[in-house]
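The values are calculated or read from the model by the stated rules, or taken from the named source; none is laboratory data. Source: prediction; values computed, not measured. Methodologically, a virtual Cβ is constructed for each residue, glycine included, from the backbone with ideal geometry; neighbour enumeration extends over all protein chains shown.
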Amino acid sequence: MNNYQIYDEVGKGRHSVVYKGRKKKSIEYFAIASIEKGQRQRVLTSVQFLRSLNHRNVLKFHNWYETNNHLWVITEYCVGGNLRAVLDLDQRLSETSVRVFGCDLLEGLMHIHSRGIVYGDLKPSNILMDATASLRYYDFGLSCSFDNAANASKVGTPSYMAPELFRDGGIPSVASDLWSLGCVLYEMAAGRPPFSANSIQGLIQKIVNEPYRRLENSSAALQELLEALLQKDPLERASWADVVNNEFWQGRVSPVPPLPAQPAFETFKQQHRPLSKEVEKRNKDIMRASINAERNLARELGQHQSGGGAYAQQGGGAPSTAAQGVLHIDREVDFTEHTTEGGLKPLTPPTTMDGDNSSFAMTHSKMQPASSAPIATGDHAAFTPMESLIIHPSDAHIRPLVTNARIEKYVEQRFEPATLGFTSMTLSALKQLPNKDLELFLTSVYKALSTPSQSAEQSEKLNVLAYFETLCGDSAIANVVINSSVMTLCVRLIGSSKGAGAFRCAVASIMGLLVRHATFIHCDLAKSGIIDVLVAALAEETNTRTIRKLLACVGELLFYVGTQSSEERVSWPIPTAQLRSVFLSALSHEDDITKHYAVKAIENLASINDRTVAREVFGSVEVVNKLFDIYALPLLPPARTEHLKSSAVCAALKLCFVNDHLIVTVLFARAFPCQAFGEAFATCNAKIVQILITVVNYVLWRTLAVQGAGHHASEVLYRHGAHAEAGALSPEASSQIVGGILGNSKAFLDGLCSVLEHNAGAVRGKGLLCVSLLCTVGGGFALGEDESRQRVFQIVDKLIKDKDTYVQSCSSMAIRSMCRFTESVVHVLAGAQHTIAPSVFVAALHTVTSPNIRPHLAISADFLVHLSTCVRGCNDPNTSAYYSPHEQALNHMVEAIAADPTVRQHHYMVLASTVVEPFGELLTHAEGSKRFSAIQVILHLLAPIVQDASLYNPAASICPVVPLVNQFVTSLIPRVPHLLRDNEPIPLYTMKLLSMCCDRSPTLTLQLNDSTTLKLLLSFLDPSHPSNSVYVVRLLLRILQCSGDDVMRLAVEDSLIQRLLLTMTMSKQEGALDTFAEPCFELVFVILCAAVNEPQSQVAQLSSHFIVEQRLESLFFFTCTSSLGAAAECAASSVYLLTQLFSEARQAILQPACLGACRELFSSVEESSLHTVLPLLRSLLLCVAASSSKAEVRPLQQNEPLLVVLHTLSESTLSTDLASVASEILQALYKVS
C-alpha cells in the first residue's frame, strides 16, 4: 500500500470504505477499498472472479493487499457512481436509456456466464458507471462457479432474488441471474422493483406467489422481455437466446457465447418440482426463509446499532414485523439457518444426480459434504474434520432407474382413445381438474382395469394401461395416483398370477413410473404388501421385459424407503433374504439390461447417507463378487456398455461404506485389486476415479481407529473430543489393507498425481485428503521414489491456491496434516530412538520450505531446539551415522524457518543462540563443503533477524537481540581472517554477514580494525575480484567511522581511495551505480571529513584523486542530479568538502558542465532535495567568494538561466537557508563585477 496516495472518501458500506487514490509517480487514479478483515472470505471470492474476467463491462481489477487491520482492493476508478444513485435521482428512465444501459448489463452478464460464473447479486448498487456512462459489474463477493453452485452461500438481496432461491435446495444459476436482470430492467423502467413489501415474509410471499405489476405505457417488446425474464419457474424462464433475440434490443446485443455446463443446476432441474404444485411445501419454505432472515437481521442489528440495517427503526422494539420497520430494498440478507448459540446449523446440501428423480434426496449427517472454508492458519484456526470431507455431494452419482436411457431406452406408449371406455384427457387438462373431478376420473380408470374380463377384452385393458402410463410421468399426478386405490389395484394385479406377460409388464411399468415420480407415498401402500408382492412376482417371473420393469420398480421403491427416516421406515417391512435372492439372480441374469437395473439399484442405495437398507439387503460377499464379475465382463454393445461396468464397480466399491466386513473383500477382489488402484487413477473414467479415491480415503481413515492414531492425527482428523469407531476391522486386516493400497508405491503416487490434477474439483480435493492421510497412516511418504513424491508435493503447492471451495477445505486438511507430520518427524529424529527414512524427512522438509505451507506450520521453541539437537548430532562422532543422512535437509529446514518473520518475531532468542551455535562450530571443520554449508546457513539464519526492524525497540535501553548477535559475531571474529582467505563464496558470505551485523551494532567494528583484516578487506575492493560487493564497502565504511586516524591513514595508504574510485567508475559503466552509490559516497564523505580536519595530512593529499580526470563532473555531479536519494546528498556534501580542500575543485565547479548540472538541480527544488541542493549552493558560494577575478566567475555571470534560477531561489519560502545562500551568491557576484 506504500505505492499509493489515498485522497477523498468516495463511498462507504457496512464493512468497507472506498477512497479515491493515485499510484505514486503516476497520474492514474484508482478506487481503493479498505475492508474489514472479517470479510476476508468474501474479498477473496470477489478478487478471484474479478481477476479472471476481462471485459469492458466488468470493473478492471489491479491488485489487493492485506495489512494488520484491513484488506485493500485496488480497482479501476469509476467517476459516475453506481446505478442506484442514478435511479434515486431520476426515478424512472426512458425506454431508450433502459435499452442503452440494458445492453451494457447484458454484455457484461453474458461474459460472466461464459466464464462459468453465477454473478449472484445483480442489483443497481452493484453496477458502477464510468465517465462515458458505460456500466461495470464490480462486487463478486456472492458469486460462485457453475461447478460449485450447490455450495453457494444463502445470502442475497431479497428484492432481486429469484423465487427458487427461497426454496430448500434452491441453486443459483444462469436462470436466477436472468431473473435479477429482469428486476433491474423493470426498476429502470418503472422507478421501483417489481416486488416490494414491508416485511421479508411479505416480500418473499409476493415474489413466489404473486404476479409482478405490469408496466404502464411501455412498448410491447419490453413487456414481452420482462414477462419472459420474470417467470416464476426457472425451467420456463427465458434463456440467453430468448433474451438476446428479443426485439427490444433492436439487434444491438452481441450473439450468445458458448456457456459451460451447469452441473448443480442440472441436478436441481432433475429434482425440480414446480412451485405451483406444492402449496404446503411452498408456504413452509417461505416461512423458514423469512424466519431465518429476520433472526439474522435482528442479530446483526443488535451488533450494529448505528443503522444501515434492513429496517429503519421507528421505535424501541425488535424489528421483527412490518409495523416496526420498512424493508430496505437494497440490503443483503442472510437466509442461513443458525442455531441459538449463533453457530451455523449444518444444512443438507443438494445431492448431485445425473438423473431426473424428484424423490432422490440425500442427507449426510455422519459424513456431511464440506462447505467453503478458508485455509486454516496455525493451531487455533477452525478447520473441517476429515470425517466431514471424505464424502462429497457429487460422489452419489444417483440416477433413477425408470426412464433411464443409459439402461434402456424408454418407449412412449400409444393408445386408441376410442376404445378406452371413458373420455381421455391430456396431462395438462388433468392437472387443472378440481380434486373431486380428478377422483371421478381415477374411478373411471379403476373400473376399466378392475372389471373381470375375458381374454378377448385383455387388449382393451392394455389400451387403458398404455393411456394411463402417459399420465404417470408427472410428479403432481403421481402423488395423487400412488396414494389412491388405483395403485392398490396395481399391486393386486401384479400379485395375481393371471394375465398375460404383456399385461403384468404394463402394470409394472406404471407402478415404476409412479414410484419414480412421486414425492410422497403414504404408509397405507406399505400395508398392501407391495414389496412382498413385487419380490414374489420377480422370483416367479420368466418374461425378461417384465423382470426389467419389476426390478426397476423394486429399485425405485427401495430407494424411497431408504431415504425415509428410521421412524417412517418402520412402516415398510423389507423381506431381506428374498430381496437379496432376487437381486443375486438378476445380477447373474443372461440379459445385460436386467443386470444393469440391479446394479444401478444397488449403487443408488449404497450412495445415500442412511445405508441401512443397503446394508441389510446387499451387505454380503456374494453381492460384491457378483458386481465385480459384471465389471470383469468384456464390453458387448448395445446392452453391455461402459455405463454398466462403471456402475458395477462403483456399487461394489461403495459397499465398503455399508459394512466394514466387506472392505477386505472389496479391496482384494480379483477383478479389481487395490494393488492396481494407482494405475486405475490414471486410466479409468472420471466416475470410477472419484469413487475409487473416496474409498481409499475412507478405508485409510477407518484404519486409523484400528492402528491407533497418534495425537497429531487425532487432532487433525477428528472433531474435538471425537474419534473414529474401530468398527469391524481387525489389526491384521488394517495392516493388510494399508500394505495392499501402498504396495506398489510408485504407481500409487503417480496415480495420485493424476487425481490431484483432475478436472473435477471434488476429485482434486479428495487427492489432497489422501495426501493428508498418507502423512498419518502407515508412513505413506516413506514409500515411492523421490521423483514421484516430489511431484505430489509440487501439485499440492499449486492446489493451495485452487479457487474451488471444497478443494480449499481439503487443502486446509492437507496443510494441517503435513504440519503435524513434520513436527512429529523432527521430534522423533531429535530423540534418536527410531530410524527415520531420509525420504520421510524430505517430505517434512517440503512442508517447511513450501512458501504456501510454511506459514501454517506452528513453529515452537521446542521444535527449534529439536532441530538444533539434530544439527549438533551431525557433528558428533557418536551420533553422526544416525543424523548425517539428514544433514542437508536439516540445513535447508533451518534456512527456511529463519526466513519466516512470524518465527523470528516469537523465537529470535532461540534462533540467535541455540540454533545458530552448532553451525558456528562447523566453521573450523576440515571439509570445505561443511564450512561453506555452515556459513551459508548462519547467514540465512542471522541476516533476517538482524534486518528485521520489528525486533529492535528504540525505546528499550537494551534490545535482547543485540547481545545475542554480538556474542556470536564476537566468537566468529577470530576466525574472520581464515574465512576471508577461504575458497569462494565463503569470503563473500562472511563479509555480508559481518556487514549486516555491524550495521545493526557498529561497536562490533572495533574488533575488525586490525591491519590484517583491513588489508584483506581492501583486497576485495577491486572490480575484478569475484567477492567485490557492496558489503565490502559497507564493512570498510563502518570500520573507518568507528576507528581512529591511524586506521584511516593505513587504509588510504593501502590505495583505499584509488580502489574506491575504480569500483565507482566501473559500477557506473555497468549500470550498477545505484547498488554501490550510497555506501561508496558515504565512505568518500568520511574520508573527506578526515581530510578537512587535517588539511596537511596524507589523507588530504591523496584525496586529490577525487577531482582528477573530470571525476567531479562524471561521478559527483552525475550522482547529485540522479534519483539516488541518500547517495545524492552524500555526493553533494562531498563536493562542498572538496571545494574547501582544493582550488582545482572550485575552478571545476565554475565550468559550464557543472553549472549546467546545478541549474538542472536548482530548477525543481522540493523539500526532499534540500539536503542535496544546499551543499551545492554553499559550494557555489565558496567558489564565487574565493574568486579573485571576473574571468573566474564569468561562466556563472554569463549563465543567464542559472542566474534566473538563483533569483527565484533567493525569494523561496521553502527554506530560509536556501534563500539566504542564493542571495549571498548573487551579492558575491555583484561585488566581483
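A few comments on the model shown:
- Qualifying positions in the range 153-164 - over 19 Å from residue 192 (Cα atoms) and buried (at least 24 other Cβ atoms within 10 Å of the Cβ): 164
- Restricting 588, 581 to those that are touching a residue at least 40 places away in the same chain (Cβ under 8 Å), small (Gly, Ala, Ser) and surrounded by fewer than 19 Cβ atoms within 10 Å (Cβ to Cβ) reduces the list to 581.
- The condition of being closer than 25 Å to residue 1090 by Cβ and either modelled with pLDDT of 85 or more or not aliphatic (A, V, I, L, M) (or both) holds for residue 1038.
- For the range 12-25, a tally of residues being closer than 22 Å to residue 80 by Cβ and either assigned to a loop (DSSP other than H, G, I, E, B) or in contact (Cβ under 8 Å) with a residue 12 or more places away in the chain (or both) returns 9.
- Residue in the range 710-737 that is modelled with the highest pLDDT, counting only those that are hydrophobic (A, V, I, L, M, F, W, C) and crowded, with 20+ Cβ neighbours inside 10 Å: 737
Residue by residue, here is whether (1) farther than 28 Å from residue 973 by Cα; (2) modelled with pLDDT under 80; (3) surrounded by 17 or more Cβ atoms within 10 Å (Cβ to Cβ) holds:
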{"residue": "829", "(1), (2), (3)": "yes, yes, yes"}
{"residue": "863", "(1), (2), (3)": "yes, no, yes"}
{"residue": "866", "(1), (2), (3)": "no, no, yes"}
{"residue": "874", "(1), (2), (3)": "no, no, yes"}
{"residue": "888", "(1), (2), (3)": "no, no, no"}
{"residue": "923", "(1), (2), (3)": "no, no, yes"}
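- Only helices (runs of 4 or more DSSP H) whose full extent lies in the range 419-497 are considered here, and the ones with at least 2 residues that are at pLDDT 85 or above and acidic (Asp, Glu) are 435-450, 458-469.
- One residue stands out in the range 231-253 among those that are under 18 Å from residue 103 (Cα atoms) and in contact with a helix residue (DSSP H, G or I) (Cβ under 6 Å, 6 or more places away or on another chain): the one that is surrounded by the most Cβ atoms within 10 Å (Cβ to Cβ), namely 238.
- The residue that is farthest from the chain's Cα centre (by Cα), counting only those in the range 6-40 that are β-branched (Val, Ile, Thr) and within 15 Å of residue 77 (Cβ to Cβ), is 27.
- Of the helices (runs of 4 or more DSSP H) that lie entirely inside the range 190-244, those containing 2 or more residues that are without any contact (Cβ under 8 Å) to a residue 40 or more places away in the chain span 220-229, 240-244.
Here is a yes/no grid of residues against (1) within 28 Å of the chain's Cα centre (by Cα); (2) surrounded by fewer than 21 Cβ atoms within 10 Å (Cβ to Cβ); (3) in contact (Cβ under 8 Å) with a residue 40 or more places away in the chain:
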residue: 68; (1), (2), (3): yes, yes, no
residue: 72; (1), (2), (3): yes, yes, yes
residue: 75; (1), (2), (3): yes, no, yes
residue: 81; (1), (2), (3): no, yes, yes
residue: 84; (1), (2), (3): no, yes, yes
residue: 88; (1), (2), (3): no, yes, no
residue: 92; (1), (2), (3): no, yes, yes
residue: 107; (1), (2), (3): yes, yes, yes
residue: 111; (1), (2), (3): yes, yes, yes
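- Candidate set: the range 120-144, residues that are among the hydroxyl-bearing types (Ser, Thr, Tyr) and over 22 Å from residue 162 (Cα atoms); chosen: the one surrounded by the fewest Cβ atoms within 10 Å (Cβ to Cβ): 132
- Against the test of being within 23 Å of residue 889 (Cβ to Cβ) and either among the polar types (S, T, N, Q) or at pLDDT 85 or above (or both), the options 971, 950, 933 yield a single qualifying residue, 933.
- Residues in the range 125-137 include none that are farther than 12 Å from residue 180 by Cβ, among the aromatic types (Phe, Trp, Tyr), out of contact with any Cys (no Cβ under 6 Å at 6 or more places or on another chain) and in the same structural domain as residue 230 (by TED's automatic domain parsing).
- Only one of the numbered conditions (1) surrounded by fewer than 17 Cβ atoms within 10 Å (Cβ to Cβ); (2) not in a helix (DSSP H, G or I) is not met by residue 1009, and that is (1).
- Elements of the type helices (runs of 4 or more DSSP H) sitting completely within the range 1018-1094 and holding at least 2 residues that are under 22 Å from residue 1117 (Cα atoms) and within 49 Å of the chain's Cα centre (by Cα): these cover 1030-1042, 1056-1069, 1073-1093.
- Candidates are the residues of the range 751-761 that are modelled with pLDDT of 90 or more and not in a loop (DSSP other than H, G, I, E, B); the one that is farthest from residue 682 (Cα to Cα) is 756.
- Check on residue 207, buried (at least 23 other Cβ atoms within 10 Å of the Cβ), within 23 Å of residue 14 (Cβ to Cβ) and modelled with pLDDT of 90 or more: no
- Residue check, residue 191 surrounded by fewer than 24 Cβ atoms within 10 Å (Cβ to Cβ) and more than 17 Å from residue 210 (Cα to Cα): yes
- Exclusive hit being over 24 Å from residue 896 (Cβ atoms) and modelled with pLDDT of 85 or more, set 918, 987: 987
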